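Participant: Structure below; questions to follow.
The values are calculated or read from the model by the stated rules, or taken from the named source; none is laboratory data. All of these numbers come straight from a predicted model, not from anything done at the bench. Neighbour counts run over all protein chains shown; Cβ positions are idealised from the backbone, glycine included. Areas reflect the complete protein model, heavy atoms only, side chains present, ligands, DNA and RNA absent. Shrake-Rupley method; radii C 1.70, N 1.55, O 1.52, S 1.80 Å.
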Amino acid sequence: LKQRINPFHNLSESETASLILELETIIRQLDISSYLLPYIAHTQQVLYRSLSRDENKSLKVLEKLPSKYRSIAEIHLKARRQFLNMSSSRPRPNYLPSWRIIPPSPAKDLLSYYKKAEESTGISWEILAAINLIETGLGRISGKSVANAQGPMQFLPSTWSEPGVGNGGDINSPHDSIQAAARYLVKRGGLVDIRKGLWGYNNSDYYGLAVLEYSKILKEDPASFNGFYNWEIHFNSSDGDI
């Protein structure tokens, strides 16, 4: 379990750029049901996690990418670095959280929940998908945070109970929690200023920037959801990336 995941550190800048190009191309070509996609997408995820820690190498890699894929890679790296910034001022934990890792809801169902919430509230589906990705890997994490946040969109029970948020739904339901997240963002001013809404969701500028970066990828190319849907759960521990 305590396996350090950094299999790409020996690749040259040219090899890394070629791999990014190949992965991003295949992710957009494969059907969401392809048996190859989980492996391809997880390789993409691990590569960006590895490269985000090496700014000098990443700059050289970006220079070797075609402009379209350079932009995609830049956004991925910028998003990942927000979380590195969030954790830089505190020691990495030497334990694993008491989570269960479960399969997410079918991709078509999640997309329908995001888009239903967008239609009813005006909060873009890409923002909701990015939050779901960041909070629980699109619902893969089953368990409570250290602050007692729960469910696929990680609500505190007290927030869920606020008027106009949970609306009597199930905090652990992907459908109900996604609708509630959209309503909560509206309540916190997200229709006027989405950054303000995201600050209400998590009091961190780094968090808000990460959500906006991942949502930007989805807006530019919805097929990128195929990759995000197959990302796995990693934990940044004192033993490395687990």
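Participant: Could you tell me whether the stretch 166-175 includes any residue that is surrounded by fewer than 20 Cβ atoms within 10 Å (Cβ to Cβ) and part of a helix (DSSP H, G or I)?
Facilitator: Within the stretch 166-175, the first condition is being surrounded by fewer than 20 Cβ atoms within 10 Å (Cβ to Cβ), and the residues that meet it are 167-170, 172-173, 175.
When the remaining residues are screened for being part of a helix (DSSP H, G or I), the result is 175.
Yes, the conditions are met somewhere in the stretch 166-175.
Participant: Okay, next question. I'm trying to understand the selection: among the residues of the stretch 73-104, which are closer than 16 Å to GLU135 by Cβ, in a helix (DSSP H, G or I) and at pLDDT 95 or above?
Facilitator: Within the stretch 73-104, ALA79, ARG80, GLN82 meet the criteria.
Participant: Kindly evaluate LEU133 against the criterion of being modelled with pLDDT of 95 or more and either closer than 17 Å to LEU209 by Cα or surrounded by fewer than 16 Cβ atoms within 10 Å (Cβ to Cβ) (or both). If you could, list the steps in order and put the result at the bottom.
Facilitator: On the way: modelled with pLDDT of 95 or more: yes; either closer than 17 Å to LEU209 by Cα or surrounded by fewer than 16 Cβ atoms within 10 Å (Cβ to Cβ) (or both): yes.
Yes.
Participant: Determine whether ILE40 is surrounded by fewer than 18 Cβ atoms within 10 Å (Cβ to Cβ) and within 30 Å of GLN150 (Cα to Cα).
Facilitator: Judged against the criteria, ILE40 is not a match.
Participant: Assess whether GLN29 counts as being out of contact with any His (no Cβ under 7 Å at 6 or more places or on another chain) and either free of Cβ contacts under 8 Å to residues at least 60 places away in the same chain or open to solvent by 80 Å² or more (accessible area, probe 1.4 Å) (or both). Please lay out each step first, then the result.
Facilitator: Working: out of contact with any His (no Cβ under 7 Å at 6 or more places or on another chain): yes; either free of Cβ contacts under 8 Å to residues at least 60 places away in the same chain or open to solvent by 80 Å² or more (accessible area, probe 1.4 Å) (or both): yes.
Yes: the conditions hold for GLN29.
Matching residues to (1) in contact (Cβ under 8 Å) with a residue 60 or more places away in the chain; (2) acidic (Asp, Glu):
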| site | (1), (2) |
| --- | --- |
| GLY168 | no, no |
| GLN179 | yes, no |
| ALA182 | yes, no |
| ARG195 | no, no |
| GLY200 | no, no |
| ASN203 | no, no |
| ALA210 | yes, no |
| LYS216 | yes, no |
| ASP221 | yes, yes |
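Participant: Looking at the stretch 90-111, which of the residues that are open to solvent by 100 Å² or more (accessible area, probe 1.4 Å) and hydroxyl-bearing (Ser, Thr, Tyr) is farthest from the chain's Cα centre (by Cα)?
Facilitator: The qualifying residue farthest from the chain's Cα centre (by Cα) is TYR95.
Participant: Now, a different point. Being in contact with a helix residue (DSSP H, G or I) (Cβ under 6 Å, 6 or more places away or on another chain) and among the polar types (S, T, N, Q) is the filter here; which residues of the stretch 103-123 pass it? Give the steps one after another, and end with the answer.
Facilitator: So the first thing to find is which residues in the stretch 103-123 are in contact with a helix residue (DSSP H, G or I) (Cβ under 6 Å, 6 or more places away or on another chain), and the list is 105, 107, 113-115, 117-118, 121, 123.
Within the stretch 103-123, SER105, THR121 meet the criteria.
Participant: Can you confirm whether TYR184 is within 30 Å of TYR69 (Cα to Cα), aromatic (Phe, Trp, Tyr), touching a helix residue (DSSP H, G or I) at 6+ places or on another chain (Cβ under 8 Å) and crowded, with 17+ Cβ neighbours inside 10 Å? Give the derivation first.
Facilitator: Numbers: within 30 Å of TYR69 (Cα to Cα): no; aromatic (Phe, Trp, Tyr): yes; touching a helix residue (DSSP H, G or I) at 6+ places or on another chain (Cβ under 8 Å): yes; crowded, with 17+ Cβ neighbours inside 10 Å: yes.
Judged against the criteria, TYR184 is not a match.
Participant: Also: Exactly one condition in (1) in a helix (DSSP H, G or I); (2) surrounded by 15 or more Cβ atoms within 10 Å (Cβ to Cβ); (3) in contact (Cβ under 8 Å) with a residue 12 or more places away in the chain; (4) not small (Gly, Ala, Ser) is not met by ARG70; state its number.
Facilitator: The number of the failed condition is (3).
Participant: Does ALA181 count as among the hydrophobic types (A, V, I, L, M, F, W, C), closer than 27 Å to ARG100 by Cβ and out of contact with any strand residue (DSSP E or B) (no Cβ under 9 Å at 6 or more places or on another chain)? First the steps, then the outcome.
Facilitator: Values: among the hydrophobic types (A, V, I, L, M, F, W, C): yes; closer than 27 Å to ARG100 by Cβ: yes; out of contact with any strand residue (DSSP E or B) (no Cβ under 9 Å at 6 or more places or on another chain): no.
Judged against the criteria, ALA181 is not a match.
Participant: Further question: Is there a residue being without any contact (Cβ under 8 Å) to a residue 12 or more places away in the chain, of a type outside the set (Gly, Ala, Ser) and in contact with a strand residue (DSSP E or B) (Cβ under 9 Å, 6 or more places away or on another chain) anywhere in the stretch 125-142?
Facilitator: Of the stretch 125-142, the ones without any contact (Cβ under 8 Å) to a residue 12 or more places away in the chain are none.
Within the stretch 125-142, not a single residue is without any contact (Cβ under 8 Å) to a residue 12 or more places away in the chain, of a type outside the set (Gly, Ala, Ser) and in contact with a strand residue (DSSP E or B) (Cβ under 9 Å, 6 or more places away or on another chain).
Participant: The conditions are (1) over 18 Å from the mean Cα position of the chain (by Cα); (2) open to solvent by less than 60 Å² (accessible area, probe 1.4 Å); (3) small (Gly, Ala, Ser); (4) at pLDDT below 95, and SER50 fails exactly one of them. Which is it?
Facilitator: (1)
Participant: Another question about this same structure. Take the stretch 191-225 and flag every residue that is acidic (Asp, Glu) and part of a loop (DSSP other than H, G, I, E, B). Quick ask: steps written out before the conclusion?
Facilitator: To start, the set of residues in the stretch 191-225 that are acidic (Asp, Glu) comprises 193, 205, 213, 220-221.
Those that are acidic (Asp, Glu) and part of a loop (DSSP other than H, G, I, E, B): ASP193, ASP221.
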